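Since the structure comes first, as structure tokens, the remarks are kept for the end.
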Amino acid sequence: MVSIEDVRSRLEALSPEHLDVVDESDGCGAKFRIEIVSEQFKGQTTIKNHRLVQMFIVGLRRCWNNYRAKPSKEGTVPVQADEDIDPELMAQFDAAASFLPAIASKLSSTDLMSLYALYKQATCGPAIVSEKPSVFDVRARAKYDAWASLGNALSRENAMRNYTEKLTGFGWQPGEQPSHSKQGWGMRPSRMAMDEEEDESRNDSEESQWFDAARADDVEKMQTLLLKNPNLLEATDEYLGMTALHFAVDAGSEQVVEWLIDETNVDVNRQDPQGNTALHFAALCGRSNIAQLLISNGGDKNIDNDDGQLPWECTDEEPLIEILRP
């Protein structure tokens, strides 16, 4: 059971001027009312402040104390036994997690994903197969796959140890207090936790513009960018491994899809890290017109993704199934 003290100990990292935690679940630790005042909230939006608090208490109820077996397609996931984790290691782990936002903008996407995976393993144990996100939710799926890659053998305690050692390599020292600078929690909480939302300070590189134009169905912008940098045609998003064609299909950008097929040498059957081709995305997003366009230009109906699914198996729309069925 999560206690008031558990919640308070996490939130003390915010150096609050005022902190009041009330258990509103009759002592069950299921619901808390939190009133907190901190300098770190100044100048931020309400949603950012709420997210900041949630980042510090994430996992308390679901992961630390309520990890249970859940049914899945492959049977059941073994119960993660409660571990007698060294309190000193846990304190170091929490401190290291508080330090990460200060340097997140300097780390590669690979390092951030690795840290995310270790954080999840440390707080929740091995990935739960039944909680595997849909292939449609590509961002969440990439995060889950990074977590699942750690397997069942890595204990929570060892995951904490690996996490803190990795942060030490990036400059964190045990006992160091989290930075409250503009690169800290207040400005970039989403980078530390790999939140589902887009990073608000996304850079304005050519690749970012390229993918943004694909989503916006802006052919003229893409033409301009491709003339300056022909390598963009093969570029993949650093987080999801998706090409401009994947993004265009996902967003329903028919003009961009048609331009990529007609005017460039785009590979219509290129797969993302989860094995999805543009046809899989067309199926998932209900893009019948785009599916027909892809097929008429070499789109292969017989390529399966990492889940063993052919494109037609990724939709329940009968007209689209007829288009995609081999």
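Taken together, the values in this text are just the output of simple stated rules run on the coordinates, not laboratory data. This structure is a prediction, so every number in the text was calculated from the model and none was measured. Note that each Cβ is placed from the backbone with ideal geometry, even for glycine, and that neighbours are counted across all protein chains shown.
A few notes on this one:
- Extension gain for the segment Glu220 to Thr168, taken as residue separation times 0.36 nm less the Cα-Cα distance, is 14.1 nm to one decimal.
- Ordering His280, His246 from the fewest to the most neighbouring beta carbons within 10 Å gives His246, His280.
- Remark: for residue pairs Lys143/Lys228; Lys120/Lys166; Lys106/Lys166; Lys143/Lys166, the C-alpha separation exceeds 22 Å in Lys143/Lys228.
- Taking other C-beta atoms within 10 angstrom as a stand-in for reagent exposure, Asp262, Asp6 fall in the order Asp262, Asp6, fewest first.
- Paramagnetic reach from Ser149 (point 7 Å along Cα→Cβ, amide N under 20 Å) across region 85-110: 104-110
- Residue ranges 148-154, 163-169 sort as 163-169, 148-154 when ordered by packing (mean number of other C-beta atoms within 10 Å per residue, highest first).
- Label zone at Gln255 (point 7 Å along Cα-to-Cβ), backbone N below 11 Å, region 203-245: 216-222
- Note on Asn297/Glu317: beta-carbon distance plugged into 1/(1 + (r/R0)^6) with R0 of 25 Å gives a FRET efficiency of 0.70.
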